[in-house]
Each structure stands twice: as structure tokens, then as C-alpha cells.
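Worksheet for the structure shown next.
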Amino acid sequence: MEQLIVRLGSEPESNVSWLVWSTSESEVIASGVLPNAAALNSLTERAGHRPVIALAPSSDIVLKWVDLPPRAGRKILSAIPFMLEDDLSEDISDLFFAYGPKQGDRQAVAVVRHSQMELWQSQLKSAGLACDKILPDVLSVPLNSDGMSVLTLGDHLLVREDEWKGLQGEEAWITPALAHLTKSQPEPVSIHNYSDLDLGLIPNAHIDPKNIELPMAVLAKEALIAKFNLFQGDYKVRKQTNTVWKQWRVAAVLASVALLVTLVDKAVTLRTLSADNNRIKAEIQQQVSSSFPRARGSRDVRRKITQELANLQQGGGSASMLSMLSNLAPAFSGSDVKPQSLRFDSARNEIRVQAVASNFESLEKFKRDVEAAGFVVDQGAINKRDEGVVGSLVIRSGV
């Protein structure tokens, strides 16, 4: 199954990062960056009518813990906005309060402007994307109980301090804020670095470098398992089952009548086909006996014939892959593209290639040469590295 994850911006003109993640293969299928929210409609087909997970910039969201009276019930939640009124710079009537986990007498709360929530919902709806889960982007950064986690996304820096706290914003001002934060701690702080950012100058910190991955891939893994959702209360996505049924009730009745007529017709046809089937079975049995004498008298004739064909093909299960690689050899030898990994999918008759090249032009030339050899090529994510560029390609037979 594939899942589309999009990271929205604060403004309609902000860039939108996106990624398609295979939950079954645990790998990136495709990714990219859109120039603005208006381009979200280009992702409708990739969503495949499945719900989308959206990430929202945490700079627009306040994450706080609220101390509740002992043994307080759920009714106390309605009083939380008034308990936080003095800590917020805006009128609480303009703000939306979403509730996260509760630990003892402490309640996690996310505060965001109604206008911002409405903007994100309208962007997704205008693009035809069904989204039933949205969460602050810093809560999709991996949580490490022994310290902070840092990840870069474009020119933005995401810092997760703990289960319900973090920083997000442009790297130029978040980095000094991070340094001030670590400097004020009584003990050295462990920082788990999921980026290629040099954090060696951060004071009072121990840097733990992690494997460099596509930032959206790191966020996607955490977003899939995150339980918190900003879509609560008035913003909760409600199923439209009853409304849809009322609109299509007449059509459903007509469809049922049509189905009944079709079933009667199929029953008559089935009787005719059954007689034809018995006749064809007898002819097949006669042909099998003459073409495969060793299968005669076998209890499982189909299996016996399959074995005979496999012997004739002489191990043809891998022939398709070998044939494809043979035809791809000129494209590899005619370019500086080097494969890092190859994966053959026999069910789809395709080869997934992770390749490295000196530049984008070399990778594009390789793609054209492969297509000229009669293959269909789907190009996935392309990332710039010190040694060149790394890209993923899905190559399938054009036949």
C-alpha cells in the first residue's frame, strides 16, 4: 500500500514538500517539492483516492502542557482555553485548541488560529485530496528520550525537544535558538542529528549523527504511527455515508433491478456455457494425451503440464531479468551512471534501480538511452550528493 504525505506551508505561496511512501516495502516511491499550495492538485492522482497525511509548520502552532486539578474529568477540557488566556497573545475566540496525550494531571494542548486551520483544510479540499490527519511537523521528527532530535527540510530546521515540545523555522534563527537552549542546560545535551548540518559549534551538546535519509522519508515514518491529530472538534473529518446514500438511493434501486435482470440472463448463459465447457474439457483431455504422453493418467494434469513446460523453458524464471539486464548493458556502458542497487519484481516485470551519476544530465541521458532501447522508465526521487546525484528509476518492459 502507498501513502501520500504532504508538508503544507504557513502561506498559500509557501513551498509544499511531498512524498509517496510504500508501507509494505518501507521505501520511497516518489517525492518532490511544489512551488505553492495551488499546485497540490497535481498530487491527486498519486493519492489514489486514499486519505492523505498532512504535516503543518509548527511555527504556526503552540504546544503546551497544562496542569489540571487532581482527579479532574473530561469536562475540565472546556476550561483549558481560559486557563491559558494569560499566556496567549491573541483572543481565545480566534484560537482552536486540540488535545493531545494526558500524563497524570498534565494535559497536552496544541493551539492554532482558526484562520490557519481553515486555510490548510481549504488547500487540501481545493486540490481534491482527502485528508483526515494533520499534525505539527516537529511531532513527526523521531523522538529520542535521551535528548533532542534535529532535522532539516529545505532551509528550515526542525528540532524536537521531547514528546510535546519543539522548534521549527528558518535555519538562520533556529540554530542560535538551539545553541541558547543547550547552553542554558545544567548538563550536556544529546542531539540526534538526522541532517547533514554541522552542529559541532552548538555549546554544551553531544552530537549523535544518524544515517542521512530523505527528510520527508524520516517524517513520513513517524507521521504514520503518530496518534495525535489536529482535526478535532469542528475540524474533525466526518464520514458522509448518510448524505451519499440519500443522494444515490434512487440510483441504487435501479442498479439492484439491473443486477437482478443480469443475474437471470447470466443463469441462462451459464447453462449453455456449462454444456460447452464439458465438450471443451473432453477435447482438452484428448490434446493433452497426444501432446504430453507422460501426463496421461496423472492425478494433477495441470501441475504435470506445468512441470513439463518448466523443463522445456530450462529455468526461464530468471530469463526475463537477464534479458532486461542484457538490453540495458549498452545504456550503462554509454554513460557514467553506476547502479548502487537492483531489485527485480517478477510480478510486474520491472527492475528498480538506485543509481549514482556525476550530474543530472548524465542521469537524464541514461533515461533517454533506456527508453530508446524499448523500455518504459519512471523516474523517482533525485538527490544531490557530494559525489554527484543519486536517483531512483523503475524500468519495465515496453512490450
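The values are calculated or read from the model by the stated rules, or taken from the named source; none is laboratory data. Values in this document were obtained by computation on a predicted structure and should not be read as measured data. As a convention, Cβ positions derive from the backbone with ideal geometry for all residues, glycine included, and neighbour counts pool all protein chains shown.
Details
- In the range 28-48, the residues that are assigned to a helix (DSSP H, G or I) and under 22 Å from Asn383 (Cβ atoms): Ala39, Ser42, Leu43, Arg46
- Scanning the range 13-32 for residues that are exposed (fewer than 14 other Cβ atoms within 10 Å of the Cβ) and more than 12 Å from the chain's Cα centre (by Cα) returns a single hit, Glu13.
- When we screen Gly233, Gly297 for residues that are at positive phi, small (Gly, Ala, Ser) and either assigned by TED's automatic domain parsing to the domain that holds Val62 or at pLDDT 80 or above (or both), the only hit is Gly233.
- The residues of the range 115-139 that are surrounded by 18 or more Cβ atoms within 10 Å (Cβ to Cβ) and in a loop (DSSP other than H, G, I, E, B), listed by number, are Ala127, Leu129.
- In the range 105-124, the residues that are farther than 21 Å from Asp87 by Cα reach residues that are of a type in the set (A, V, I, L, M) and part of a helix (DSSP H, G or I) with C-beta atoms within less than 6 angstrom, at least six apart or across chains, in these pairs: Gln123/Ala37.
- Considering only residues in the range 45-86 that are closer than 24 Å to Met216 by Cβ and of a type in the set (Ser, Thr, Tyr), the one that is surrounded by the most Cβ atoms within 10 Å (Cβ to Cβ) turns out to be Ser58.
- Selection of the range 89-100 for residues being within 19 Å of Tyr235 (Cβ to Cβ) and not β-branched (Val, Ile, Thr) yields Glu90, Asp91, Ser93, Asp94, Leu95, Phe96, Phe97, Ala98, Tyr99, Gly100.
- Residues of the range 186-209 that turn out to be surrounded by 12 or more Cβ atoms within 10 Å (Cβ to Cβ) and either closer than 29 Å to Ala98 by Cβ or within 25 Å of the chain's Cα centre (by Cα) (or both), as a count: 8
- Neighbours by Cβ (under 6 Å, 6+ apart or cross-chain): first from the range 27-44, touching a residue at least 24 places away in the same chain (Cβ under 8 Å); second of a type in the set (A, V, I, L, M) and part of a helix (DSSP H, G or I): Val28/Ala217; Ser31/Met216
Yes/no matrix, rows are residues, columns are (1) of a type in the set (Val, Ile, Thr); (2) surrounded by fewer than 18 Cβ atoms within 10 Å (Cβ to Cβ):
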| position | (1), (2) |
| --- | --- |
| Arg348 | no, yes |
| Val353 | yes, no |
| Ala357 | no, no |
| Lys367 | no, no |
| Phe375 | no, no |
| Asn383 | no, yes |
| Leu393 | no, no |
| Ser397 | no, yes |
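- Residue within the range 96-114 that is under 19 Å from Phe231 (Cβ atoms), assigned by TED's automatic domain parsing to the domain that holds Glu222, assigned to a helix (DSSP H, G or I) and over 23 Å from the mean Cα position of the chain (by Cα) present: yes
- Count - residues of the range 60-74 that are at pLDDT below 95 and either outside the structural domain of Leu95 (by TED's automatic domain parsing) or assigned to a loop (DSSP other than H, G, I, E, B) (or both): 6
- Subset tally (residues that are surrounded by 14 or more Cβ atoms within 10 Å (Cβ to Cβ) and not in a loop (DSSP other than H, G, I, E, B)) for the range 210-242: 11
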